[in-house]
Amino acid sequence: MGRVMQWADTYISGVGAFLPRTVVSVEKAVAKGWYPAEEAELHNLAGAAVAGDVPAPEMALHAAQSALKRSGRAAADLDLLLYASTWHQGPDGWPPHSYLQRHLVGGDVLATEIRQGCNGMFIALELAAGYLDGAPGRQAALLVASDNYGTPLMDRWRMGPGYIGGDAASALVLTREGGFARLTSVCTTTVAEAEELHRGSEPLFPPGVTVGRRMSFAARNEQFRQQVMPKGEATAALFNIQRALMEVVERALDESGIEARDLTRVAFMNYSEEIVEQRCMAMLDLPMSRSTWDHGRTIGHCGASDQVLSLDHLLMTGQLGPGDHMLMLGTGPGVTVSSAVIKIIDTPQWA
């Protein structure tokens with residue numbers, strides 16, 4: 001089932017986060033007519049981080065600078081830069097990682113963009129760990145994710161079922177030689193039969209953005225359920241996503257040599273209370289108090305950054321310490337399902 005990764009010596013030495021100062025409350029969004037009152041009541045979300053006109057690559061640069069500084073490494077130590085995104089980053093045809101190459105890491109670092117939706121950081125973890133392990137002398141990789149959804153073709157308040165879009169950036173420095181945490185496992189699988197869930201009945205050509213079509217996963221999700229597939233097939237595909245979620249978690253826990261009850265904290269996507277509880281915490285038979293939902297509900301679903309933002313928050317508030325295990329879990333279009341386990345070795349000085 002799916003791809004598996006297990007490495008003996010892969011560490012996280014730095015974490016960076018950039019969250020805009022502005023957070024728009026759900027109450028304000030309801031009052032302005034942006035967010036339906038019934039959705040607010042059902043999902044119990046509190047607000048969304050809003051970056052205004054700060055470009056996603058600029059947020060990425062701030063998060064990356066922070067992660068690199070905290071790691072104690074120089075830009076010259078880096079062998080790889082992976083940039084994950086879920087929404088448009090700047091001029092079409094221009095690679096956003098080149099902005100970080102110019103302003104932070106230089107041109108000798110192999111760099112590329114990861115387009116794996118909200119699971120981009122998991123894919124980056126797997127690719128970076130394999131790259132560092134692939135040849136002697138490779139030392140460190142910088143993994144970055146960033147998105148600003150405040151654009152005309154995206155409505156953050158109606159982005160998808162059970163979540164609202166938040167703007168943020170996050171970064172990790174992955175190393176072969178020591179760090180405050182060890183990556184004990186990362187697993188990804190794809191539920192290919194559910195591919196249409198994020199496509200709906202929208203035509204493949206011309207691409208929606210080229211003709212000014214608004215993007216809504218909520219609408220596509222509804223099309224998938226109502227029109228695209230016969231009801232039984234759609235139900236089976238959705239069931240398979242949840243089953244895949246359970247399988248990647250079991251694999252990650254097994255590779256890490258622990259059980260669900262050993263997890264100190266669990267970072268799922270910044271979704272609604274009922275989704276986090278039903279799809280994630282109930283599956284693990286763990287209380288919501290071990291989730292990161294309390295923090296996630298205040299900033300919105302921040303693309304591929306949710307789990308790393310949660311890690312940064314837990315470290316900075318003293319909620320993770322040596323010996324603790326954290327599970328990261330997420331889904332993305334495709335439909336990809338990913339999980340990772342990290343073990344905290346030391347409390348970093350910057351926490």
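The values are calculated or read from the model by the stated rules, or taken from the named source; none is laboratory data. Note that the structure is a prediction, hence the values are computed from the model and not measured. Ideal geometry is used to build each Cβ from the backbone, glycine not excepted, and the neighbour counts take in all protein chains shown. Side chains are part of the model used for accessible areas, which takes the heavy atoms of the whole protein and leaves out ligands, DNA and RNA. Shrake-Rupley method; radii C 1.70, N 1.55, O 1.52, S 1.80 Å.
Residues that are more than 25 Å from residue 277 (Cα to Cα) and open to solvent by 50 Å² or more (accessible area, probe 1.4 Å) occur in the range 34-46; there is at least one. I'd like the residue in the range 160-179 that is part of a loop (DSSP other than H, G, I, E, B) and open to solvent by less than 10 Å² (accessible area, probe 1.4 Å) and, out of all such residues, is nearest to residue 225 (Cα to Cα). Checking each candidate, the answer is 162.
Can you find even one residue in the range 187-207 that is surrounded by 24 or more Cβ atoms within 10 Å (Cβ to Cβ) and in a strand (DSSP E or B)? Yes. For the range 108-133, filtered to residues that are open to solvent by 60 Å² or more (accessible area, probe 1.4 Å) and part of a loop (DSSP other than H, G, I, E, B), the residue that is farthest from residue 82 (Cα to Cα) is 108. Those helices (runs of 4 or more DSSP H) of the range 1-80 in which 2 or more residues are within 24 Å of residue 122 (Cβ to Cβ), touching a Phe, Trp or Tyr at 6+ places or on another chain (Cβ under 6 Å) and at pLDDT 95 or above occupy 56-71. Inside the range 255-302, residues that are among the acidic types (Asp, Glu) and touching a residue at least 24 places away in the same chain (Cβ under 8 Å) make up a count of 5. Within the range 255-280, the set of residues being closer than 29 Å to residue 157 by Cβ, in a helix (DSSP H, G or I) and either among the basic types (Lys, Arg) or touching a Pro at 6+ places or on another chain (Cβ under 7 Å) (or both) comprises just one member, 279. You will find that of 219, 244, 252, 234, the residue that is closer than 26 Å to residue 318 by Cα and not in a strand (DSSP E or B) is 252 and no other.
Residues that are among the charged types (D, E, K, R) and buried (at least 17 other Cβ atoms within 10 Å of the Cβ) were ranked within the range 248-272; the one that is farthest from residue 194 (Cα to Cα) is 265. Residue-level check: of (1) open to solvent by 10 Å² or more (accessible area, probe 1.4 Å); (2) of a type in the set (A, V, I, L, M); (3) out of contact with any strand residue (DSSP E or B) (no Cβ under 8 Å at 6 or more places or on another chain), residue 241 misses just (3).
Does any residue of the range 141-154 turn out to be open to solvent by 10 Å² or more (accessible area, probe 1.4 Å), part of a helix (DSSP H, G or I) and either modelled with pLDDT of 95 or more or within 25 Å of residue 277 (Cβ to Cβ) (or both)? No, the range 141-154 contains no residue that is open to solvent by 10 Å² or more (accessible area, probe 1.4 Å), part of a helix (DSSP H, G or I) and either modelled with pLDDT of 95 or more or within 25 Å of residue 277 (Cβ to Cβ) (or both). In the range 217-232, the condition of being within 19 Å of the chain's Cα centre (by Cα) and touching a residue at least 40 places away in the same chain (Cβ under 8 Å) is met by at least one residue. Here residue 283 clears all of (1) at pLDDT 95 or above; (2) assigned to a loop (DSSP other than H, G, I, E, B) except the condition numbered (2). Considering the range 90-101, the residues that are over 19 Å from residue 123 (Cα atoms) and not in a helix (DSSP H, G or I) include one that is least open to solvent (accessible area, probe 1.4 Å), namely 90.
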